[in-house]
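Please read the structure below before turning to the comments.
The values are calculated or read from the model by the stated rules, or taken from the named source; none is laboratory data. Quick caveat: nothing in here was measured; it's all calculated off a predicted structure. Cβ placement follows ideal geometry from the backbone for every residue including glycine, while neighbour counts extend to all protein chains displayed. Heads up: the accessible areas ignore ligands, DNA and RNA and are worked out on the full protein's heavy atoms, side chains in. Shrake-Rupley method; radii C 1.70, N 1.55, O 1.52, S 1.80 Å.
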Amino acid sequence: MADTYDLIVLGSGPGGYVAAIRGAQLGLKVAIVERERLGGICLNWGCIPTKALLRTSEIYHYMTHAGDYGLKAENIGFDLAKIVERSRKVSGQLNAGVKGLMKKNKITVVEGFGTITGKGKLSVKQGNGTVDLEAKHILVATGARARDLPFAKADGKRIWTYRHAMVPEVMPTKLLVIGSGAIGVEFASFYNDMGADVTIVEMLPRILPVEDEEVSAFMEKRLTKDGIKIVTGAALEKIDTGADGVKATIKGKDGKSTTEDYSHVIGTMPIATMTWL
């Protein structure tokens, strides 16, 4: 016998868990299904942990430029594992907060991979078993996932998605960031401040293409001043991965192709979905 609800929300990102809370506030019996961690990509693998990383790199940047402020700081260094640990703890605290909100609003949390099997029916895979749910309404808020380039599939070693870039085991020496949206610019800024030689490649005429032109112009000027190389109106033609690094061929706006060596590549193209059924 399937458990029955007024509303089932598939996905617990900011779209999903807020909808679940609102449904509960309106008197509905609500369940939320999540295959990984409550809070979604932004809280666990996006906006929040990247801000923690950026705060660390900001402080490190100030320390390495202490002389500009009339201060002395010697033997400056960092522990990459502890930087990652701090970022994950920040996300963990907020994840616990979302759990508290679910409990407070009497929302049933079902952990597992949810699949819609029919009208108003949903099956959740949990280990070797499944849980069947039914509801008058199902809200699909499955969020974002990393998208591989057809010729540059992420391997977690030399070619990274945003997830790999969030928990690096090694610090890149020369980094290529594909895409200059908010995600790409954040990672470029973080790794640049931590000492990597960073290049951003963007196929559109300007970085941060969905923002106002004034914002794009200001950020390009600032990032360039910070030492980041920015290539706009360019296409990534080919990537060859080796044991020691990556060779990337980029076709510039002038139509000429150049090939350079990088230690790592980050692709920053997510896909998002939110639908009523």
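Roughly what % of DSSP beta bridges within the chain run antiparallel, to the nearest 5?
Here the share of antiparallel DSSP bridges comes out near 50 percent.
Out of 88, 222, 35, any idea which swings most in a Gaussian network model of the chain, alpha carbons joined below 10 Å?
Greatest mean-square fluctuation among the candidates belongs to 222.
Could you work out the helix-only [θ] at 222 nm for the chain, with each DSSP H run of four or more residues adding -39,500 (n - 2.57) and the total divided by the number of residues, to the nearest 500 deg cm²/dmol?
The per-residue figure over the chain is -10500 deg cm²/dmol.
How much of the accessible area of the chain, probe 1.4 Å, is carbon plus sulfur, in whole percent?
54 percent
Kindly sort 45, 160 by accessible area of their heavy atoms, largest first, with the probe set to 1.4 Å.
Ranking 45, 160 by accessible area, largest first, yields 45, 160.
If you add up the charges near residue 239, with Lys and Arg at +1 and Asp and Glu at -1, over every other residue whose beta carbon is less than 10 angstrom from its beta carbon, what do you get?
+2
Rounded, prolate or oblate for segment 51-174? Axes are the square roots of the Cα gyration tensor eigenvalues, ordered a ≥ b ≥ c, and the cut-off for rounded is a/c under 1.5.
Verdict is prolate for segment 51-174.
Mark the label point 7 Å from the Cα of residue 6 along Cα→Cβ and return the residues of segment 85-108 whose backbone N is within less than 20 Å of it.
101-108
Quick one: accessible area per residue over segment 16-55, 1.4 Å probe, rounded to a whole number of Å²?
Here the per-residue accessible area is 44 Å².
Roughly what would the spin-label model give for residue 63 and residue 238, points 7 Å off Cα along C-beta, in nm?
Between residue 63 and residue 238, the simple spin-label model gives 4.3 nm.
Give me the accessible area per residue for segment 67-217, probe 1.4 Å, as a whole number in Å².
Accessible area per residue: 58 Å².
Normalised by the number of residues in the chain, what is the relative contact order in percent for Cα pairs under 8 Å and 6+ residues apart?
21 percent
To the nearest 10 degrees, how steeply does helix 14-25 sit against the main Cα axis of the chain, on a 0 to 90 scale?
Orientation of helix 14-25: about 30 degrees from the principal axis.
Let me spell out the model: positive unit charges on the Cβ of Lys and Arg, negative unit charges on the Cβ of Asp and Glu, origin at the Cα centre of the chain. What dipole size does that give, in debye rounded to 20?
Rounded to the nearest 20 debye, it is 860 debye.
Can you give me the angle between helix 47-64 and the longest principal axis of the chain, using Cα atoms only, in degrees from 0 to 90, rounded to the nearest 10?
So the helix axis and the longest Cα principal axis differ by about 30 degrees.
Which distance in Å, rounded to a whole number, links the C-alpha centroids of segment 9-57 and segment 122-191?
15 Å
Could you tell me which of rounded, prolate or oblate describes segment 127-277, using a ≥ b ≥ c as the square roots of the eigenvalues of the alpha-carbon gyration tensor, with rounded for a/c under 1.5 and, failing that, prolate when a/b is larger than b/c and oblate otherwise?
prolate
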